[in-house]
Every structure is written in C-alpha cells, then in structure tokens.
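Enquirer: This is the structure, below, for whatever I ask next.
Here, each number is a calculation from the coordinates, and none is a lab measurement. Predicted model, so just to flag it, every value in this text is computed and none were measured. Here the Cβ is made from the backbone with ideal geometry for all residues, glycine too, and neighbour counts use every protein chain on show.
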Amino acid sequence: MNKILELREKRAKLWDSTKAFLDSKRNENGLLSAEDTATYEKMEADVVNLGKEIDRLERQAALDLELSKATSNPIKNNPKGSIGEEKTGRESNEYKDSFWKAMRNKNSFDVHNALQIGTDSEGGFLAPDEFEKTLIESLQEQNVFRQLANIITTSSGDKKIPVVATKGTASWVDASINWSI
C-alpha cells in the first residue's frame with residue numbers, strides 16, 4: 001500500500017511538471033515545436049504508465065486480500081436470537097410463548113389470542129412448527145407402513161395433514177341389478 005501511495009505522489013508531481021513544461025514551451029501562437037512535442041508526449045506517456053502500474057498494484061492488493069480471507073465464516077450470532085425479519089403466524093415468538101404457557105397451565109382457562117391463527121376449520125388452533133415436527137418425527141418412527149413404503153420428498157413448502165371430517169356411509173344394494181365389468 002505504501003508503494004501505491006509513493007507512485008500516486010510521483011505521478012502527481014510528474015503531471016504538474018508536464019503541465020508546467022507545456023505552459024512554458026508554447027510559442028505566441030500556442031503551439032509547440034517538434035522537439036518540445038516529442039518531450040511532452042514522452043512525459044505524458046510516463047504519467048500514463050505510472051497510472052497503469054498503480055492500477056496493477058491495486059488489483060494485486062485486492063487479489064491478495066481476497067485470497068487471504070478465511071474459506072468459511074464462523075457463526076457470530078446467538079443461535080436462539082432472531083435473524084432477519086420478524087416471524088408471523090405460528091412461527092412468531094408470541095404464539096410459541098402462549099402455546100407453552102397453555103401447556104404448563106393445564107387448568108388455566110385464559111384465552112390466548114396468539115394461539116389462534118386463522119379459523120378453527122382451517123386448523124387455527126395448532127401447535128408451533130417445532131412441536132409439530134417433533135410429533136411427525138415420532139409418528140415416522142412408529143409407523144410400520146412407512147418403513148415399507150417408498151418415501152417421496154416434495155419441494156412444496158405447505159404441509160397438509162389430512163383428517164377425517166365425516167364418517168363414511170354404507171347401504172344395501174338390490175341384488176337383481178346386473179353389474180357389468
């Protein structure tokens with residue numbers, strides 16, 4: 001970095017002397033002689049070459065800095081702390097706090113509005129996502145059919161848990177009807 005500053009100062013001094021040379025060597029028409037023009041162009045080329053050298057050294061310093069960085073970043077924040085935007089719905093802190101308070105106080109009949117997200121028919125009273133994941137994991141371990149089945153993981157972010165809303169019906173069918181297959 002020190003070399004870059006030295007070259008910048010040298011370039012600035014050279015440019016000032018080049019401008020002074022140009023001002024001193026102009027004739028009454030404002031033109032330079034052929035010999036003075038060659039000297040000026042050489043001085044100007046030296047200024048440009050110093051600029052190119054400064055650019056090379058700056059690129060080299062940037063590459064050195066980039067290559068000296070660590071290949072992975074350590075975790076610097078609190079894992080339990082909130083990162084980014086405020087969560088809403090069942091992921092909100094208010095919902096989780098109300099849920100666990102309700103679980104601890106089983107005889108409490110206080111209404112916690114934070115536990116209701118949406119309407120009852122759409123699953124408005126549900127457990128937080130972390131608890132729901134725990135329930136599903138325990139179901140997966142105990143489900144015999146899941147161990148035999150081919151499990152396909154989908155990319156959908158929505159998780160629908162089917163529940164029985166009504167019971168099926170049965171009826172007798174007249175035996176005289178011909179069924180075609």
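Enquirer: Students often check this: by mean Cβ neighbours within 10 Å, which of 144-153, 95-104 ranks highest, and how do the rest follow?
Expert: Put in order of decreasing packing, that is 95-104, 144-153.
Enquirer: Could I have the simple spin-label model distance between residue 35 and residue 151, label points 7 Å from Cα toward Cβ, reported in nm to one decimal?
Expert: Using points 7 Å along Cα→Cβ, the separation is 9.2 nm.
Enquirer: Also: Working out 0.36 nm times the residue gap between residue 139 and residue 88, then minus their Cα-Cα distance, what length gain in nm do you get to one decimal? Show your work: numbers first, answer last.
Expert: Values: separation 51, 0.36 × 51 = 18.36 nm, distance 2.68 nm.
Gain on stretching residue 139 to residue 88: 15.7 nm.
Enquirer: Right, something else. With each pseudo-label sitting 7 Å past Cα toward Cβ, what's the residue 60-residue 15 distance in nm, one decimal?
Expert: Between residue 60 and residue 15, the label points sit 2.2 nm apart.
Enquirer: Of the cross-linked pairs 3/25; 13/52; 13/69; 10/69; 19/52, which ones have a Cα-Cα span greater than 26 Å in the structure shown?
Expert: Details: 3/25 32 Å; 13/52 16 Å; 13/69 36 Å; 10/69 31 Å; 19/52 20 Å.
Those over the limit are 3/25; 13/69; 10/69.
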